[in-house]
Amino acid sequence: MRNTDAVPTLAETRQRLERTGQPQLLAFWESLDEVRRGELLVSIARLPLEHLPAMLAQAAGLAKPSAADIRPVRPYMRDHPEADRYRGIGEDLVRRGRVAAFLVAGGQGTRLGWRGPKGTFPATPVAGKPLFRVFAEQLMAAERRWGVRIPWFVMTSEANHGDTERFFEDNRWFGRPRADTMLFPQGMVPSVSLDGRVLLEHAWLPALNPDGHGGALKALRSAGALDHMQSCGIEHLCYFQVDNPNVRVIDPLFLGLHVAAPDSSAEMSSKSVLKRDVTEKVGVFVKAPRLTVLEYSDAPREISEARDASGAITYGEGSIAIHVIGTEFIRKLTDHPLGSVLPWHRAIKKVPFVDPATGTRIEPAEPNAIKLESFVFDALHEAEGPIVLRTDRVEEFAPIKNATGEDSPATSKAIQCERAVRWLREAGIAVPLHANGQPDCVVEISPLTATGPEDLRANPPTKPIARGSETLI
Ligand code: UTP
């Protein structure tokens, strides 16, 4: 339902709910005041009830590739013999304003448990900069380097849009022109009981969940962002997630390969890192026969543990959720009655709800609900000639997913510091070390100072790094 559409009446809504098998959504109608009744009618009008059985059936029946159909992918490498030529092509695209950045930040971040949007999390090891600032500074560095304004699209969710916008506002859009950042919320889908009934979060509100990072494509289109970017001549979006402070948001080599590699159609390209070991829980790029991300949980053991004759992991290209996506490709994928061709996946979760029979709020002890979502990497399956660029883990991947342990703020800070030390040493700048060779300091390099060792070589720090210090360069 669009904002301009008339809200269906109670009688029309009742009929629709009877027809679609969802009458429980009006269970508390009599007890609601006028305002809540109005809200409920609007919420119900927005639900894709007619499509819900097909969405649920699709999610339940999603076929997993069988081991016999799976082949390894051959990634491009950063030290490709023609890397300089591709880098030049990518730089030219950036300079000509053909490229925008696209951050997906609509997730719920439940594992991290931070009180605000994940992008507000203080992520860097010395200055404690929030993730949004890290990305904004990278964009400013790229804008200075190539003398261009790079539009930044940020997808939020209904739950965090207001807080995200306030944070950008409070931080004066991180020193970039306000008009160069566009925030828009992603879509929501109903959370349903295991027998397909939409749950009520409150007596006047159906339970909803964000439609997954795959919802990004649909949201770009429905928010008008796709029209806007195409009218400005933007042809390629650099897609990244909110949880990775080491992402190289604008990467000319990646862009150049995306548009000019002989086997690429410039529809969608992805970055990988080599799996640490066969047990690492990461989705991997495989051919089945089209390029697909095979999730760790879906990978048969003979695939996840396979090694070639030299002992290397056969299916080792781990997905780090960094892509370049062509804007024309997004238009093609979103020409669909449901907003996007991406398939629905389901997760069985615990979702609190109001019992329509008794009016009691239930906090389920066991998973009771189906949450539907779509995944952006499923778009690879639709792309002609997608390519994969293997990159270095420390250089580009320092994820913050969990509050503690693996992929936590602590491990991310350690990787950020490791990269900073590596850049300094590559630039010939002394870093104090412990006897075991580990750095005896914590270092953070602002993207505004350097985005690689070459910037440090050209513009070295003025003071030596002190033993045991925390140094921001
Ligand atoms: P995750 O898969 O890590 O999910 O998202 P999450 O919701 O952020 O975190 P958990 O699972 O609740 O702990 C990966 C990226 O996709 C975005 C997230 O913001 C993050 O950048 N995302 C995820 C969305 O934008 N929308 C979604 O519906 C889901």
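How many angstrom lie between the Cα centre of the range 411-463 and the Cα centre of the range 229-286?
Cα centroid to Cα centroid, the span is 25 Å.
May I ask you to compute the full-extension gain from CYS232 to ARG96, defined as 0.36 nm times their residue separation minus their alpha-carbon distance, rounded to one decimal in nm? Can you show the working numbers first?
Details: separation 136, 0.36 × 136 = 48.96 nm, distance 1.10 nm.
Contour length minus the Cα-Cα distance gives 47.9 nm.
So if we plug the beta-carbon distance of ARG145 and ARG276 into 1/(1 + (r/R0)^6) with R0 = 30 Å, what FRET efficiency do we get, rounded to 0.05?
My answer for the efficiency is 0.40.
Using only the Cα atoms of the range 1-92, what semi-axes does the equivalent ellipsoid have when each is the square root of 5 times a gyration tensor eigenvalue? Give whole Å, largest first.
On the way: eigenvalues 519, 105, 21 Å².
For the range 1-92, the ellipsoid semi-axes come out as 51, 23, 10 Å.
What number, in percent, do you get for the relative contact order of the chain if the mean sequence gap of Cα pairs under 8 Å and at least 6 apart is divided by its residue count? Each step should come with its number before you reach the end.
Details: 900 pairs, mean separation 95.4, N = 473.
Across the chain, relative contact order equals 20 percent.
Give the accessible surface of the range 1-91 per residue, rounded to a whole number of Å², with probe radius 1.4 Å and ligands, DNA and RNA excluded.
62 Å²
Could you give the distance between the Cα centres of the range 113-191 and the range 28-54, to the whole Å?
Cα centroid to Cα centroid, the span is 32 Å.
So what's the chain giving for Rg/Rh, alpha carbon basis, Kirkwood Rh from the mean inverse pair distance?
Working: Rg = 23.9 Å, Rh = 24.1 Å.
Rg/Rh for the chain comes to 0.99.
Mind jotting down the three principal axis lengths of the range 315-473 based on Cα atoms? Whole angstrom, largest first.
Principal-axis extents of the range 315-473 (Cα, largest first): 69, 45, 32 Å.
Leaving out ligands, DNA and RNA, and with a 1.4 Å probe, what % of the accessible surface on the range 273-409 is carbon or sulfur?
Ligands and nucleic acids excluded, carbon and sulfur give 51 percent.
Would you tell me the accessible area of TYR296, worked out with a 1.4 angstrom probe on the heavy atoms of the protein chains, in Å² to the nearest 10?
TYR296 exposes around 80 Å² with every protein chain in place.
Can you tally the net charge around GLY311? Count Lys and Arg as +1, Asp and Glu as -1, for every other residue whose Cβ sits under 14 Å from the Cβ of GLY311.
So the surrounding residues net to -1.
Take the residue pairs LYS129/LYS218; LYS350/LYS401; LYS349/LYS413 and return only those whose Cα atoms are more than 26 Å apart.
Listed pairs above 26 Å: LYS129/LYS218; LYS349/LYS413.
At GLU382 and GLU18, where each label point lies 7 Å from the Cα along Cα→Cβ, what is the point-to-point distance in nanometres?
Placing both labels 7 Å along Cα→Cβ, they lie 3.7 nm apart.
Between ARG74 and ALA27, what's the calculated FRET efficiency when r is the beta-carbon distance and R0 is 56 Å? Round to 0.05.
0.50
Quick one: work out the % antiparallel among DSSP beta bridges in the chain, nearest 5.
Percent antiparallel among DSSP bridges in the chain is about 60.
For GLU201 and GLU82, what is the calculated FRET efficiency with R₀ set at 41 Å and r taken between the beta-carbons, to the nearest 0.05?
E between GLU201 and GLU82, to the nearest 0.05, is 0.15.
Whenever you get a sec, compute what percent of the accessible area on the range 28-116 sits on carbon and sulfur atoms (1.4 Å probe).
Its accessible area is 50 percent carbon and sulfur atoms.
The values are calculated or read from the model by the stated rules, or taken from the named source; none is laboratory data. Here the structure is a predicted model, which is why all the values come from computation and not from measurement. Here the Cβ is made from the backbone with ideal geometry for all residues, glycine too, and neighbour counts use every protein chain on show. Surface accessibility is based on the protein's heavy atoms, side chains included, excluding ligands, DNA and RNA. Shrake-Rupley method; radii C 1.70, N 1.55, O 1.52, S 1.80 Å.
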